[in-house]
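FYI, it's all coordinate maths here, none of it is from the lab. None of the values given here were measured: they were computed from a predicted structure. When we count neighbours, we look across all protein chains shown, and the Cβ atoms used for this are built from the backbone with ideal geometry, even at glycine.
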Amino acid sequence: MNITFIFLASSLLFLIGVFGSLFFGSVTKIIISLQCILTAAVINFLGFAQILYGTSVWAVTFVLISVILIFLFQFMIVFYLNSNTYQYQSDGFDFSSGLYYFGIKDWLGE
Amino acid sequence: MDLIKSINTFMNPFGSITILLGTILVFLFFANSQTKRIKIFSFIFSMLAFVSSFVINIIGFLNNGVYSDNLFTSGLVQIIEISYILIISIILLIIIFVFNGESEFYLKLNIIFLFSSASLIFFTISRNFIVFFASLVFFLISLFALATLMNESGLFALKSQNDSRKSAIANIYNISANNIVRFFLAVVFSLLFIFFAISLLYGVFDFKNFIQLAEGIGTYKDNLGFVFSILALALYLYYGFFPFQSPYIRVTTGSSGVFSYLMWLFYFLPGLIFTSRFALIIYNVKEDYKTILVFSLALITIVSAIGSGLAVLKSKNLRKILSNLILLIFTGNILNLLLYIVDYVNEDGYRMLNYSGLSLMIISWLPLAVIFTLIENNTGSNDINGLRSILIKNKAVSAGFIISCISLIGIPAFAGFTHKNYYMSIIPKAFAGGLSNLTPLLSWAVIVSVAIYLGFFIAGIIRIIISGFTGKVDIYNDKAIFSKPALAFIYCFIFLIFVFGILYLIGLFGINLFGLNFSSLNLF
Amino acid sequence: MDIGNLMVIKNLQYVILGAIILFSILSLIVIKPLKKFIFIFLFYLFSGFLYITLEFMELTFILSVPILLFMSIFYLFELKKDIFSIKNISEDGDIDYASAYFTDKESGKSDTKKTVLNLVAPVLFSALIIVLYFIFNGGYIKSFKITDKITIVAFSDIAKEVFSNYMILVIMLIISLFVLVIWSTTIINNRRKR
């Protein structure tokens, strides 16, 4: 029962993340949505590791290494964004649509 | 003696990586240097590193044979893939040096590029999911660093300009930085999909590596469907096929020219390797899920081929055309997977089809891209209508243009024929009852997807040829300059197109030349 | 550890999971940066609590280091974005960057079409995932086999695993940190030159 609830909650968190990163135009909100997906995956991993397998060191190592690396990647992206934010290009990092832009201009060309 | 033995056993999986990482360590000491001599020295040194790691990769395999432990596996497949990666790296190194050799941070670019190649080789030989995922992230991190550093040169225009001009240039810089950030956020999105899928996989069974997964898939197949669909979505997002292509198209059209080469030649390789791993695993359950597998793969192929093909047919932007052609070439991988699932080709044939797609990209597509870049540098615009006015100026360039286009179409005696031959032969074979192990509906799905893929590919190339000869001629454009290295580069690839095309034909007809039997080359 | 001792923790997990989802939604909806970041912090805090209730105390503390580093730079970025917001600059009067920015935006011809597509596409994609789940995985939850015994992973176990099997990844991580240093110093130097 408990692991079912954890799994369902993490799936809901995953769906929130997917919807948010496709829907919101603001780069901040996209990054927050990505955190939701990441946390959902980590909750799954740790929940399964503890409740199904009685803790496997392999899963913990996976979580440790991959979370550190993903945060490194995100850190670099946000660092770049931060370094590019100066007076006359603020708000330039808010996309007009979500992460993917479903427009005919990008697809076929003008 | 023991030392030599231990070096020898070390050489097979790790020799090439060690050389690349060692080169990085050497370069770290003068990463900030601006001297021209050191730049040239570093170019030659890293070139030597790539060549020697290529040699060691092959020698190590010949000496040691197959290597396998709980983290890495290295057999003939991995050796071929690493060879492709190293060849592409050498080409990219030359391109980076030609375009960014004068740049202030060429040495840094060199270091990061070496790191990205090394992590891609890691990715190729990885077997455990931890190493697999971590090396993928390392590769993408280094790609991000390369993208941003190449974009930095746009910043220096900001010094000593008046304010209105400053704001205009800042806007251009801003747009390209924006594109890069959006693209890499999309990449993180697909990466997190993979991460989530592996976590779901872990809920089914204690799978730790690909071998366990391939063995266990028969037992746990009822619970693995969702996991594999999430993995497939992740791959789809990673490739950026039709509805999700906009970040990729924007980053290749709206950032520096060199980075778009990196995107075209380098970014998709992990996707290809991942797909082939994935293929071998789902092949074990193909009998149980044949209908759904065939239909979904055919649907992906058709949607992606139509999407990218229409873009090649309609777009006027040269870089957009090149990007969509690459997407079409990599759509071929999904088609190969489909042919593998329906048993039209065996495992070796499937791999060879994938490699022939890569060869098509390197040998036939690359000269076209180089010609387009030269045109872009000469005219300063990306418009396909300016193609003719440049082609008229130089006969060598126009000959290269026609030959690479013909090779992409796949006419016999050109290198691209190897890629098309397999797909072409499926249609008569299907009517002759070659796909008899399928229901009629499924075999029609396969035939339709092959036909649509080939149709859009060939139509796109024909469109490029036609617009190369019907565009308007700009009389003011007399200053078209083609540097000698660039021309040599194009000549070299034209030569390769002929050599590989003729070798393939000799193999196909089973002719013996000088006592050599070329029919073993048949599949390449 | 006996699983019977964990009854309190089990009930606690429901509350914590609810809080995680609530804070994730709140941090996406709220507009003001400070409040937003309070909610993100709470989101991470509660996910940390969840890991602790799953007996991963030491892992939680290790993971909090990259999370805090990332959060600090993220907060700095958000603050900077707020300070240099286009609304504040346009009042300067000296140079009208704001209009220059807005004219370069894509023309708003197909705005309604775009917003509809923008809403429909994520909904469709999320629906696709849910549909895939129901088509393929009726038995996913039922297949969970819960174990009786729970052990606690100490930091020494993780360190042993990493340094005995994944040493090569640690080397790669160190080199990538070198790369990160080279990259970030270049970016900062370029900004300073300008």
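For the reader, a short list of remarks on this structure follows.
- Global geometry of chain B, whether rounded, prolate or oblate, following the gyration tensor of its Cα atoms and the 1.5 cut on a/c: rounded
- Shielding score for B:369-380, defined as the mean number of other chain Cβ atoms within 10 Å: 0
- Extending 7 Å from Cα along the Cβ direction at B:F469 and again at B:K395 yields two label points whose distance is 1.7 nm.
- Cα gyration tensor category, rounded, prolate or oblate, for the protein assembly as shown with a/c compared to 1.5: rounded
- Here the spin labels are modelled as points 7 Å beyond Cα on the Cα-Cβ line, and at B:Y491 and C:L117 they lie 4.7 nm apart.
- Counting Cβ atoms of other protein chains within 10 Å of each Cβ in C:58-68 and taking the mean gives 3.
- Ranked packing of B:380-393, B:184-197, B:282-295, most packed first, by mean Cβ within 10 Å: B:184-197, B:380-393, B:282-295
- Three-way shape label, segment A:2-83, alpha-carbon gyration tensor, a/c 1.5: oblate
- Remark: the B:Q34-B:I59 segment gains 5.4 nm on full extension, using 0.36 nm per residue and subtracting the alpha carbon distance.
- Listed cross-link partners B:K5/B:K39; A:K29/C:K81; B:K39/C:K193; A:K29/C:K35; C:K36/C:K193; C:K36/C:K80 are compared with a 25 Å cut-off, the Cα-Cα value being larger for B:K5/B:K39; C:K36/C:K193.
- Fully extended contour minus Cα-Cα distance, from C:F155 to C:I31, at 0.36 nm per residue: 40.7 nm
- Counting, for every residue in C:124-132, the Cβ atoms of other protein chains within 10 Å of its Cβ and taking the mean gives 5.
- Put a dot 7 Å past the Cα of C:L69, heading toward its Cβ, do the same for C:L12, and the two dots end up 2.9 nm apart.
- Additional length obtainable on full extension of the chain from B:Q212 to B:V66, 0.36 nm per residue less Cα span: 50.7 nm
- Filter on B:K290/B:K429; B:K208/B:K286; B:K314/B:K395 - keep pairs with C-alpha separation over 24 Å: B:K314/B:K395
- Under the combined filter of DSSP loop state and at most 13 neighbouring Cβ atoms within 10 Å, segment B:55-146 retains these GluC sites (Glu not before Pro): B:E102.
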